[in-house]
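Notes follow once the structure below has been shown.
What follows is calculated from the coordinates using simple rules that are stated; it is not laboratory data. Keep in mind that what you see is a predicted model, and the values were worked out from it rather than measured. Here the Cβ positions follow ideal geometry from the backbone for every residue, glycine too, while neighbour counts run over all protein chains shown.
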Amino acid sequence: MDGHDIAADYRAARSMIGLVPQELTTDAFETVWNTVSFSRGLFGKSANPAHIEKVLKDLSLWARKDSKVMTLSGGMKRRLLIAKALSHEPQILFLDEPTAGVDVVLRQDMWKLVRALQASGVTIILTTHYIDEAEEMADRIGVISKGEIVLVEDKAELMRKLGKKQLTLHLEKTLERIPPGLSSYNLALANSGTDLIYTYDERGDRAAITALLEGLAGAGIRFKDLQTTQSSLEDIFVTLVSDRK
């Protein structure tokens, strides 16, 4: 762990790590300030009130610093777990579903803090069922299905390799069937023949779209509007997991 053997030099290795567990495990009768300060001391760090103050303020807990943990709401307890994990200034932070049961405003504040930590050089390992969070936050993605790691990939490369794009044409008139001359495009009719869908690979030749539109014009097929959609990370995740059933 950052050059420290996790067995022979376990104290130094553990001091590099911060963990935010999914379970709300805190000392109910201790104050917010004391429990966060105690967590810092567990890792052999000298007292640093300024750092503890900053962490509590970043997590909107400063006003409750003298409150007992048992008086906090569920969302505040979730924030407190993050404060405890950050108390000793770790360089590797594990977040186990940190936004489970958290309201929208708190979630946004939490990710703002996580982005700041990421920018400062902290390595963050996030487990989440909110795929949109992973898509927004992560540099690398790991997909786990039935307890097995399906893949670990750079996010941009994963989206490039497995992402699909769709061009949907809203037709002026209902189309009963796709003309044989357009069969090479693997088109699909939708909405009772009022929509024509062209699915193409993210890496595909964009010139094919121009050729398709020219082919439609040649076949006398007119459209009144069009739109494009792109696979999200959630779409890719569902596809990967479904393929393994």
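All of (1) of a type in the set (S, T, N, Q); (2) more than 21 Å from Glu133 (Cα to Cα); (3) surrounded by fewer than 16 Cβ atoms within 10 Å (Cβ to Cβ) hold for Gln108 with one exception: (2). Do you know which of the residues in region 60-77 that are of a type in the set (D, E, K, R) and surrounded by 15 or more Cβ atoms within 10 Å (Cβ to Cβ) is nearest to Leu113 (Cα to Cα)? So the residue we want is Lys77. Which of the residues belonging to region 152-182 are under 19 Å from Leu240 (Cβ atoms) and among the polar types (S, T, N, Q)? Gln166 - this is the single residue of region 152-182 that is under 19 Å from Leu240 (Cβ atoms) and among the polar types (S, T, N, Q).
Taken as a whole, the structure places Ala119 among residues that are free of Cβ contacts under 8 Å to residues at least 12 places away in the same chain and under 30 Å from Glu23 (Cα atoms).
Filtered by the rule that a residue be among the polar types (S, T, N, Q) and surrounded by fewer than 16 Cβ atoms within 10 Å (Cβ to Cβ), region 35-59 gives Ser46, Asn48. Scan region 121-138 and tell me whether some residue there is surrounded by fewer than 16 Cβ atoms within 10 Å (Cβ to Cβ) and touching a helix residue (DSSP H, G or I) at 6+ places or on another chain (Cβ under 6 Å). No, because not a single residue in region 121-138 is surrounded by fewer than 16 Cβ atoms within 10 Å (Cβ to Cβ) and touching a helix residue (DSSP H, G or I) at 6+ places or on another chain (Cβ under 6 Å).
Take the residues in region 1-44 that are polar (S, T, N, Q) and part of a helix (DSSP H, G or I); name whichever of them is farthest from Asp66 (Cα to Cα). For region 1-44, the residue satisfying everything is Ser15.
Just one of (1) within 30 Å of the chain's Cα centre (by Cα); (2) touching a residue at least 24 places away in the same chain (Cβ under 8 Å) fails for Gly3. It is (2).
Screening Glu148 on (1) over 12 Å from the mean Cα position of the chain (by Cα); (2) within 19 Å of Lys54 (Cα to Cα) shows it passes everything except condition (2).
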